[in-house]
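Here the structure is laid out as structure tokens; the discussion comes afterwards.
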Amino acid sequence: MKKYLKHNEWCVIEEGFDPVNHQASESIFSIGNGKMGQRANFEEKYSGPSLQGSYIAGVYYPDKTRVGWWKNGYPEYFAKVLNSPNWIGIDVTIDGTELDLYKCKVENFVRTLNMQEGYLEREFDAILDDDRKIHVKAKRFVSMADTENGAIRYEVTPVNFNGVISFTPYIDGDIENEDANYDEKFWNVLDVNATEGGAYLESQTKKSDFRVGIAIKYHAMIDNKQVQAKPEVIQLSKWVGNKVEFEIKAGQTACLEKFVGVTSSLNYATNELKSNAEELVSYACHKGFDKLFADHRQKWAKKWVLSDIKIKGDVAAQQGIRFNIFHLNQTYTGEDERLNVGPKGFTGEKYGGTTYWDTEAYCVPFFLMTAPPAVTRQLLIYRYKHLPKAIENAEKLGFKDGAALYPMVTANGEECHNEWEITFEEIHRNGAIAFAIHNYIRHTGDKKYLAEYGIEVLVGISRFWSQRITFSQAKNKYVMLGVTGPNEYENNINNNWYTNKMATWSLKYTMESLDYVKENSPVRYNELVEKLRFDGDSETQRWKDIVANMHFPYNEDLQVHMQQDGFMDKEQIMADDLDPGQRPINQHWSWDRILRSNFIKQADTLQGMYVFEEEFSKEEIERNFNFYEPRTVHESSLSPCVHSVIATKIGRVEKAYEMYLRTSRLDLDDYNAEVHEGLHITSMAGTWMSIVEGFGGKRAYDEKLYLNPDIPARWEEYAFRITFKGNDLEVRVSVADVEIISHAEKTIELYVYDKLVTVEPNRSQTISR
Ligand code: BGC
């Protein structure tokens, strides 16, 4: 664990510069706006260890798979999240000496991520070799309002000398990904053009042919007065910029305001990238830094109204949840159905691809309740649009007749991950995608979605399950062989309880949904039957048979659902008995040793109990929790949150609180020693779940809303806001009572501690705890 950041309710603050923490901070202080974003790299040159990262949503590179023994069905490429041309750079010199914080003395360094207003700021004094001292302040944001613009204000004040300061704002197209499989660069630079006062660079990704156009402009000022210094125009083959120089006196401030306009072929014709990028940057430059920022700040204020969680009496917990909500909101805004929520968002390269099961299992619950329904709908439509590819993916593995296997990792619908036994066999993802449709409908009431889009996805998924399952004569039951469950520390196992559960649930839900559409939209039903060549009775007959006769491993002695058939053959050791020096085990043990051990990476059987909680008694959940949690090493960021929700359910609020801190401060305190690679964006939605579904006890059954709030001992009060069926509610929980404040336009009914509560528009109701 690393604990170098200050606790603060709205900001993340790093005081004092230590290069050892720099790469972690580059991840933590990342900024984005759903369309683009970047790590908190310094604007000026930095020669110390750093991971340069600038990303544009939807732009990826199909990096050829690297494996020793190629087997049929292997995905051909691993889609890399692309490090894109870098527009933040501003080289700075002081009387010819380059400013580089790795090489000079740094004092009074403060780096701040202001989450309320969405910007990154740095302030410090740099002392050069000959004792000349400068004070620097740099502020940067990527606009939430003008989503193709970003801006930087960079100020330098010589403290004890008069001298010459130069700024060189530039765009660098000579970019690489650290995780390239064959060490190649993924971009060709197509166009460079530097003029006095601005520059343009256009790049193209190799193979996938995405084009990106970046235009920059700037204002230079001394003590707030614009200066017309004649720049040196620099145009290299992959790099463009301008150098401006000023003579200034001690105490005066030289300032450069740099603006960017970013276009990509996702949104513009390739021959219009340049004109649009230039128009965008001129617009930003004309609008000016302050106005651009004011509009951006206003957008953030709106986002916070719907999604903020307030905690009284625990600043670390407050900062933790806001950090998570902030990053989720800047990673995905729901404006484009082609985009999704990558596990690292705009904060790093690791993981590749942009979409995992994380989206449906973790992010959907968050966006469903903190944003208008259209935002989650986009995530569902994303999968709907990928259905033909999911059918192709299944065909590549030998499935037929419209069976769909969604990819575990994807950028465009194709499977693009090359860890066969681990990710590829995690077919449980199909279940999460089916469940997300149900989850969306029960929270929004938008049942029309089934006839419009949902059924097609559900039928494809059910066909896959029905072909993937085999009948075991020995067991006289249906079984599911050769899978990996959510616990990636066991591969290629038989009858993973969670996967079997997801499969049978998907089949049941598909049949119910078909009945619903048949009854309510008969014309559309007939169209669908034809389009899908759906052979009603014979297909559903098999589905019913599977549902009725599926094998679920169970241990009678322990009265516990078994994670898989062979789980009890393993030596049973508790995680607390592990030598702390051996943890995390994935950084100390061989894969062989991990696979043979009983250690669980993340919730697996408990993940199923979380999803289908209403099917189990509290005692049953408790028994399973008490069995599995001690064997769990929580080495996936997705693990503590699910445990936290269940722990509250079974009345172990302090355990839930411990798990909450672990999930909410996972990156801030670097629990898994890997934050330098990027943040765990998707698990951040799990943090939100720990509060709203965990402590808040929010559930939605039969399209009704339930709350069952508890409160950790350290908290005086907490409050969250949720959107349910288009109605907006605020829930405040204190030790004494629960207050429901309605911001809805109509009367709301919900159940608090299982009692019906009615709240009129703009009124509140208080219920004693
Ligand atoms: C987890 C997976 C998850 C992936 C991306 C892995 O460490 O085990 O469940 O999908 O990370 O977040």
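Observations on the model:
- The criterion of at least 3 residues that are closer than 30 Å to residue 97 by Cβ is met by the following strands (runs of 3 or more DSSP E) wholly inside region 230-340: 232-235, 239-248, 254-264.
- Near pairs, Cβ below 7 angstrom, 6+ apart or cross-chain, from region 573-596 (open to solvent by 50 Å² or more (accessible area, probe 1.4 Å)) to any residue that is among the hydroxyl-bearing types (Ser, Thr, Tyr): 595/489
- Look at region 666-691: where a residue is without any contact (Cβ under 8 Å) to a residue 12 or more places away in the chain and of a type in the set (A, V, I, L, M), no partner that is within 14 Å of the ligand (Cβ to nearest atom) and open to solvent by 10 Å² or more (accessible area, probe 1.4 Å) sits 6+ places away or on another chain with Cβ atoms under 7 Å.
- Restricting the first member to region 627-640 and to residues that are within 21 Å of residue 344 (Cβ to Cβ), and the second to residues that are in a strand (DSSP E or B) and within 16 Å of the ligand (Cβ to nearest atom), the beta-carbon pairs closer than 8 Å and six or more apart or on different chains are 639/632.
- Residues satisfying the criterion are absent from region 198-210 (criterion: basic (Lys, Arg), modelled with pLDDT of 95 or more and in a strand (DSSP E or B)).
- Residues within region 339-378 that are among the charged types (D, E, K, R) and either surrounded by 23 or more Cβ atoms within 10 Å (Cβ to Cβ) or without any contact (Cβ under 8 Å) to a residue 40 or more places away in the chain (or both), tallied: 3
Quick grid of which residues meet (1) within 16 Å of the ligand (Cβ to nearest atom); (2) more than 24 Å from the chain's Cα centre (by Cα); (3) modelled with pLDDT of 95 or more:
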{"residue": "406", "(1), (2), (3)": "yes, no, yes"}
{"residue": "413", "(1), (2), (3)": "no, no, yes"}
{"residue": "422", "(1), (2), (3)": "yes, no, no"}
{"residue": "427", "(1), (2), (3)": "yes, no, yes"}
{"residue": "431", "(1), (2), (3)": "yes, no, yes"}
{"residue": "436", "(1), (2), (3)": "yes, no, yes"}
{"residue": "451", "(1), (2), (3)": "no, yes, yes"}
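- Of residues in region 379-401 being open to solvent by less than 20 Å² (accessible area, probe 1.4 Å) and either within 15 Å of the ligand (Cβ to nearest atom) or not aliphatic (A, V, I, L, M) (or both), the one farthest from residue 449 (Cα to Cα): 393
- Within region 413-460, the set of residues being in contact with a strand residue (DSSP E or B) (Cβ under 7 Å, 6 or more places away or on another chain) and part of a helix (DSSP H, G or I) comprises 442, 443.
- Per-region count, region 713-732, residues outside any strand (DSSP E or B), open to solvent by 10 Å² or more (accessible area, probe 1.4 Å) and not small (Gly, Ala, Ser): 3
- Any helices (runs of 4 or more DSSP H) falling wholly within region 604-666 and containing at least 2 residues that are within 13 Å of the ligand (Cβ to nearest atom) and under 30 Å from residue 7 (Cβ atoms): 639-649
Every residue, every condition in (1) closer than 18 Å to residue 100 by Cα; (2) open to solvent by 10 Å² or more (accessible area, probe 1.4 Å); (3) assigned by TED's automatic domain parsing to the domain that holds residue 266, yes or no:
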{"position": "16", "(1), (2), (3)": "yes, yes, yes"}
{"position": "22", "(1), (2), (3)": "yes, no, yes"}
{"position": "27", "(1), (2), (3)": "no, no, yes"}
{"position": "51", "(1), (2), (3)": "yes, yes, yes"}
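- Restricting attention to region 671-712 and to residues that are within 16 Å of the ligand (Cβ to nearest atom), more than 21 Å from residue 370 (Cβ to Cβ) and not in a helix (DSSP H, G or I), the residue that is most open to solvent (accessible area, probe 1.4 Å) turns out to be 671.
- The single condition among (1) open to solvent by 10 Å² or more (accessible area, probe 1.4 Å); (2) farther than 26 Å from residue 175 by Cβ; (3) in contact (Cβ under 8 Å) with a residue 60 or more places away in the chain that residue 229 does not satisfy is (3).
The values are calculated or read from the model by the stated rules, or taken from the named source; none is laboratory data. Not measured: the values here are computed from a predicted model. Every residue, glycine among them, receives a Cβ derived from its backbone with ideal geometry; neighbour counts consider all protein chains shown. Side chains included, ligands, DNA and RNA excluded: accessible areas come from the protein's heavy atoms. Shrake-Rupley method; radii C 1.70, N 1.55, O 1.52, S 1.80 Å.
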